């Protein structure tokens, strides 16, 4: 059972947005997916509570900042949302669970340098455990100089940039109803789904 960990110790970079949509993607593929949330704010758990009964099911993974229970039998995929400030033994414990790690990162020099030591830790873990790591640029226009700088930065660490997700109200409006891009008519979110074309194959 693959466990996808979405992590960045900096707050406000879009971890919950990315986590819920990754879970929504797996659910759209017919997988039995769980979504866990170790953030004290429990944004992902709140989102699950808003999810309509008619939507493809996404189960709740019993997880907290201090204890992450094993996913129950019958689960095929699990996604773990993590808190801001993740470091030390908690970070190491979370990384041990991961089969793949996604790092959402905004393309500003402040965000990049604020996460540098974290990315170094992730790089060390990746080399030791063979865990794939991918970067997703959040709230970014891929045509901008900022996106180019982000790409250059992560290239120095040997991480692939899986995609750039634009700053759009679509994610906010869908999240308010417990939904993802993968729960609505593709034509409604066509531009956003296009930006996931590099992320989805990596997840599979």
Exercise for the section: Working only within region 54-104, note down all residues that are under 20 Å from residue 125 (Cβ atoms) and modelled with pLDDT of 90 or more. Expected result: 78, 79, 80, 81, 99, 100, 101, 102, 103, 104
Practice task
Would you check which residues across region 26-52 are part of a helix (DSSP H, G or I) and surrounded by fewer than 22 Cβ atoms within 10 Å (Cβ to Cβ) and list them?
Solution key: 28, 43, 45, 46, 48, 49, 50
Practice task
Please work out if residue 136 is in contact with a strand residue (DSSP E or B) (Cβ under 9 Å, 6 or more places away or on another chain), over 29 Å from residue 71 (Cβ atoms), at pLDDT 80 or above and not in a helix (DSSP H, G or I).
Solution key: no
Problem - Some residue of region 145-155 being in a strand (DSSP E or B), at pLDDT below 95 and within 30 Å of residue 125 (Cα to Cα) - result: no
Handout entry: Only one of 55, 23, 63 that is under 28 Å from residue 167 (Cβ atoms) and buried (at least 23 other Cβ atoms within 10 Å of the Cβ)
Key = 23
Handout entry: Any pair with Cβ under 8 angstrom, 6 or more apart, that starts in region 73-88 at a residue that is touching a residue at least 24 places away in the same chain (Cβ under 8 Å) and on the phi > 0 side of the Ramachandran plot and ends at one that is surrounded by fewer than 23 Cβ atoms within 10 Å (Cβ to Cβ) and assigned to a loop (DSSP other than H, G, I, E, B)
Key = 74/32; 85/9; 85/11
Practice task
Being surrounded by fewer than 17 Cβ atoms within 10 Å (Cβ to Cβ) and farther than 19 Å from residue 35 by Cβ is the filter here, so list the residues in region 171-192 that pass it.
Solution key: 173, 185, 186, 187, 188, 190, 191
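The values are calculated or read from the model by the stated rules, or taken from the named source; none is laboratory data. Note that the structure is a prediction, hence the values are computed from the model and not measured. FYI the Cβ positions are ideal-geometry reconstructions off the backbone, even for glycines, and counts take in every protein chain you see.
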